[in-house]
Amino acid sequence: LHVYAMPEPLQMPCYTESFDDCSIRRLPIRRVGYHVVERGFYIEHIEYILSKFDREQLYIGIAEEVLQGPLAEYNKMFEFLGAPPLDDTQFSFKSGIHTRTYEPAISKEGLQRAREIYEPYNERLYSFLGREIPSWEAKGV
């Protein structure tokens with residue numbers, strides 16, 4: 001993960017503010033330290049991991065796809081690990097755990113700003129994966 005120092009004085013982080021408040025004011029995303037928005041720069045995390053491990057040692061699962069088809073996605077992980085697959089009599093999945101609703105909901109302007117921030121990183125990720133992630137590209141989401 002690359003972290004850049006900004007030439008202007010460091011502003012207070014947006015940890016307690018909404019994404020809209022932080023993004024619409026166009027605060028710098030890159031700063032000394034680690035900004036919560038950078039968590040979504042997945043390709044940078046992957047590139048760092050690949051600087052330490054071979055590609056064959058890395059499995060990448062997409063949370064939205066696990067939620068849409070948990071048994072199939074878990075079986076892909078098991079196959080990667082060399083474990084036998086499970087069937088629906090052996091598998092139980094509880095959805096809705098570790099989820100939360102953000103209040104206030106992100107505005108249309110904030111959503112557009114998020115798309116602008118993440119687009120170049122997502123494009124690099126899609127290139128790496130060899131495919132897009134449809135749920136991330138759904139308009140209005």
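Per residue Cα convex hull volume for segment 35-79, in cubic angstrom? Don't skip to the end; give the middle numbers.
Numbers: hull volume 3.5 nm³, N = 45.
Taking only Cα atoms, segment 35-79 has a hull volume of 78 Å³ per residue.
Once a ≥ b ≥ c are taken as the square roots of the eigenvalues of the Cα gyration tensor of segment 68-141, is the result rounded (a/c under 1.5), prolate (a/b larger than b/c) or oblate (a/b not larger than b/c)? Here segment 68-141 falls in the oblate category. Which of GLY96, PHE78, SER127 sits farthest toward the positive end of the charge dipole of segment 67-137, with +1 on the Cβ of Lys and Arg and -1 on the Cβ of Asp and Glu? With unit charges placed on the Cβ atoms, the residue in question is GLY96.
For LYS76, the solvent-accessible surface computed with a 1.4 Å probe is close to 100 Å², ligands and nucleic acids excluded. For segment 42-55, 3J(HN,Hα) computed residue by residue from phi via the Karplus equation (6.51, -1.76, 1.60; θ = phi - 60°) reads 4, 4, 5, 5, 4, 4, 5, 4, 6, 6, 10, 10, 6, 4 Hz, glycine and proline entered as x. In terms of the Cα gyration tensor, with a ≥ b ≥ c the square roots of its eigenvalues, is segment 98-141 rounded because a/c is under 1.5, prolate because a/b exceeds b/c, or oblate? The shape class here is prolate.
Rounded to the nearest 10 square angstrom, ILE60 shows an accessible area of 40 square angstrom against a 1.4 Å probe.
The values are calculated or read from the model by the stated rules, or taken from the named source; none is laboratory data. It should be emphasised that the depicted structure is a prediction, and the values quoted were computed from it without experimental measurement. Virtual Cβ from ideal backbone geometry, glycine too; neighbours counted across all protein chains shown. Only protein heavy atoms, including side chains, enter the accessible area calculation; ligands, DNA and RNA are left aside. Shrake-Rupley method; radii C 1.70, N 1.55, O 1.52, S 1.80 Å.
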